[in-house]
Amino acid sequence: MLYLRKNDAKIVQASYTGFKINTSSLHLDDKGRTGVYVLSAHRIVFKQVDILYTAEDFLIVKSVSVSGDFQLNSGDEIITNGKNLYDGKIVNQ
């Protein structure tokens, strides 16, 4: 026997270009800006980002270009968890 079933489907197509990060990597700094902390030469640096897409366990973000601030780059070592993080903190590895 041949059973046929009809279902409605909705196709949503979108694409995003940016950095895929863990949701635990996203922070607000002391100025209320959204961004990530990265490790750069034994120092923590805050890099501001805009959220393009949100999923359950990851985000797609783009780097924000603000004069005087560092931009998020491919290859940056993003800190995924930690306590008492702040821009300029010196860390020993």
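The values are calculated or read from the model by the stated rules, or taken from the named source; none is laboratory data. Because the structure is a prediction, the values reported are computed rather than measured. Every residue, glycine among them, receives a Cβ derived from its backbone with ideal geometry; neighbour counts consider all protein chains shown. We work out accessible area using only protein heavy atoms, side chains counted, and drop any ligands, DNA or RNA first. Shrake-Rupley method; radii C 1.70, N 1.55, O 1.52, S 1.80 Å.
Our coupling estimate for the range 52-60, obtained by passing each phi through the Karplus curve with A = 6.51, B = -1.76, C = 1.60 and θ = phi - 60°, is 9, 8, 10, 10, 4, 10, 8, 10, 10 Hz, Gly and Pro reported as x. Solvent exposure of ILE90, expressed as accessible area, is near 120 Å², computed with a probe of 1.4 Å over the protein chains only.
Residues whose amide H falls under 5 Å from that of TYR53, counting only those 5 or more places apart or on a different chain, are ILE60, with hydrogens built in the peptide plane. Only lysine pairs 8 or more places apart or on separate chains count here, and in the range 4-93 those with Cα atoms under 14 Å apart total 4.
Evaluated on the chain, the Kirkwood hydrodynamic radius is 15.3 Å, with distances taken between all distinct Cα atoms. In the chain, the portion of solvent-accessible area held by carbon and sulfur atoms comes to 47 percent [1.4 Å probe, whole percent, DNA, RNA and ligands not counted]. Applying Stokes-Einstein at 37 °C and 0.692 mPa s to the Kirkwood radius of the range 1-55, computed over alpha-carbon pairs, gives a translational diffusion coefficient of 218 µm² s⁻¹.
Taking chymotrypsin sites (Phe, Trp or Tyr not before Pro) across the range 3-70, the ones in a DSSP loop with at most 12 further Cβ atoms lying within 10 angstrom of their Cβ are TYR3, TYR16. Probing with 1.4 Å while keeping every protein chain in the model, the per residue accessible area of the chain equals 80 Å².
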